[in-house]
Structure formats: C-alpha cells, structure tokens
Amino acid sequence: MRRMPQILIVEDEPAIAELIAVNLRHNGFQPVWAADGEAARREIATAVPDAIVLDWMLPGTSGVALARQWRADAQTRTVPILMLTARGDEPDKIAGLDAGADDYITKPFSTQELLARLRAALRRRAPEPPQERIVIGRLTLDAATHRVFWQDTADAEAQLLKVGPTEFRLLGHLMRNPERVHSRARLLDQVWGDQVFIEERTVDVHIKRLRESLGAAGAMVETVRGAGYRLSANAAATSARAAAANSSPA
Ligand code: CA
C-alpha cells in the first residue's frame with residue numbers, strides 16, 4: 001500500500017486545525033498539527049512533511065515569514081505550501097505567493113476546495129513521469145516523442161495517430177492503468193488536476209474526441225455504464241472479431 005502523504009497543519013486556532021485534520025484523515029492523508037512556528041519547526045525536524053497548510057496569522061512568527069524561511073531551506077524548499085488566511089486582498093495574496101506559498105485559500109473555505117488544492121499542489125510537485133513507451137495490444141504510446149501508434153494487424157506497419165494534448169494525457173493515464181474502471185471524478189482529478197472546477201461532462205467530450213482520434217483502436221476505450229471508462233486490450237480484440245464477422249460474406 002502507498003504511504004499516506006503527511007500534511008503539516010500550522011494553525012493556532014484548534015477548531016480550524018481539527019476540522020482540517022479530520023478531513024485530511026478521512027481522505028487518506030496523515031495530518032500533523034503545529035500551533036505555531038516553533039512547533040512547526042520541531043515537527044519538520046522530526047519528519048519533512050509532503051505538504052504544509054500554513055495559516056497567515058500566527059502568534060509569533062507570521063505564516064508569510066515561515067513560508068519565506070522554508071523556501072530558503074534546502075530541506076523544505078520543494079515542499080508545497082498552501083497558505084490559509086482570513087484576508088482576501090490582492091496585495092496580501094501576492095505577498096503570500098511572493099514568500100513562496102504555492103497556493104492561497106481564503107477563510108472561510110470549503111474543505112473540498114482545500115483538499116482539491118492540496119492534491120493539485122502535491123501533483124505539481126510530483127516528479128515528471130518517466131519518458132516511457134507503453135504498449136497495450138497493438139496500441140503504443142510514446143511519452144518521449146508524444147506520439148501514438150496503432151498497428152491494424154500484428155504484421156502491419158504501425159501508423160501514427162493524431163491525438164490532441166488533452167486526449168494524449170487522458171490516453172496516457174488510461175494506458176498506465178489498463179483494465180481498471182475510472183470514474184469521471186477520478187479522471188478529472190488525475191488528468192486535469194489543476195483545473196478541478198471543470199464539469200464532469202467535459203471528460204465525456206474528451207473521451208469522444210480520443211475515440212475519434214484513435215480510429216480502430218477507439219474501441220479499446222470502453223464506457224462502463226454508471227461507473228466511468230476503462231481501457232481494455234480485450235475490447236479491441238472483441239470489436240475486431242465483431243467487425244470481421246460483420247464484414248465476412250453471409
Ligand atoms: Ca490564525
């Protein structure tokens with residue numbers, strides 16, 4: 001099982017810290033609470049967290065000053081920081097981002113939005129996927145050259161398919177996780193990530209485009225009724241058999 005990402009919550013108001021911690025725990029994160037900068041420093045000395053949710057207004061050292069310190073420190077330089085604040089002013093937002101925060105969320109916030117932004121921040125930090133070549137059946141995705149190839153038959157020459165950038169990312173995700181059902185919400189989270197507020201039917205539009213660009217291989221992208229989508233090598237084989245059966249003289 002994957003290790004739960006550890007999130008350091010630096011917040012002096014226990015009720016808010018608790019609300020965030022409960023939601024993080026319910027969503028597969030491991031929260032650690034620090035009530036001020038000093039406590040946060042102790043926690044970081046014990047274990048560098050995967051991300052920090054940082055309140056602006058803290059007793060002692062302010063959130064902005066802490067963000068600036070952590071950005072300057074080699075140990076914490078790449079840890080995503082999500083600033084939390086009651087201020088909504090543009091100059092404050094810029095000050096927070098200038099100090100090195102990755103994102104900014106204004107109180108009162110919805111915990112769903114906090115989670116979505118935290119996931120996006122963690123994903124942005126995640127290392128680029130290796131420049132791999134994924135082959136499923138007769139479909140090949142070459143991440144290094146951003147190309148997709150399809151072989152009509154086992155001995156046919158591979159043909160280059162024209163696939164748009166979003167469809168390419170979508171296909172990459174489906175091919176990295178074949179035979180698995182992906183809900184629209186999950187695809188939005190995994191493929192779109194940063195633009196978490198787009199509608200789920202956008203996924204349907206891009207799936208349709210992806211199928212069109214894949215041509216004969218489009219049948220590999222299956223709709224799983226009421227659940228989502230799946231990329232299956234078997235689906236193509238089935239549909240190829242069906243097509244062969246249909247085209248054979250009766
Ligand atoms: Ca506070």
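No value in this document is a laboratory result; all are computed from the given coordinates. Not measured: the values here are computed from a predicted model. Cβ coordinates were reconstructed from backbone atoms using ideal geometry, including for glycine residues, and neighbour counts include every protein chain displayed.
Under 5 Å between amide hydrogens, which residues at least 5 positions from Val224 or on another chain qualify, with H placed 1.01 Å from N in the peptide plane? The list, which skips near neighbours in sequence, is Tyr229, Arg230. Candidate cross-link partners of Lys162 among the aspartates and glutamates, defined by an alpha-carbon separation under 17 Å and a same-chain spacing of 8 or more, comprise Asp142, Asp152, Glu212. What is the angle, in °, between the Cα long axis of helix 201-214 and the longest principal axis of the Cα atoms in the chain? Nearest 10 is fine, range 0 to 90. Compared with the principal axis, the helix lies near 40 degrees.
Modelled spin-label separation between Arg225 and Asp155, with each label point placed 7 Å from Cα along the Cα-to-Cβ direction: 4.0 nm. Net charge dipole, the chain: roughly 880 debye, given to the nearest 20, about the Cα centre with Cβ charges of +1 for Lys and Arg and -1 for Asp and Glu.
Helix 63-72 and the longest principal axis of the C-alpha atoms of the chain enclose an angle of approximately 60°.
Using the alpha-carbon atoms, what tilt in degrees (0 to 90, nearest 10) does helix 165-176 show relative to the longest principal axis of the chain? Between helix and principal axis, roughly 80 degrees.
Each label point was placed 7 Å from the Cα along the Cα-to-Cβ direction; for Glu199 and Ala15 their separation is 3.7 nm. Any chance you could run the full-extension gain for Glu212 through Arg3? It's 0.36 nm times the residue separation minus the Cα-Cα distance, nm to one decimal. So the extension gain works out to 71.4 nm.
Extension gain for Glu38 to Lys162 (0.36 nm times residue separation, less C-alpha to C-alpha distance): 39.2 nm.
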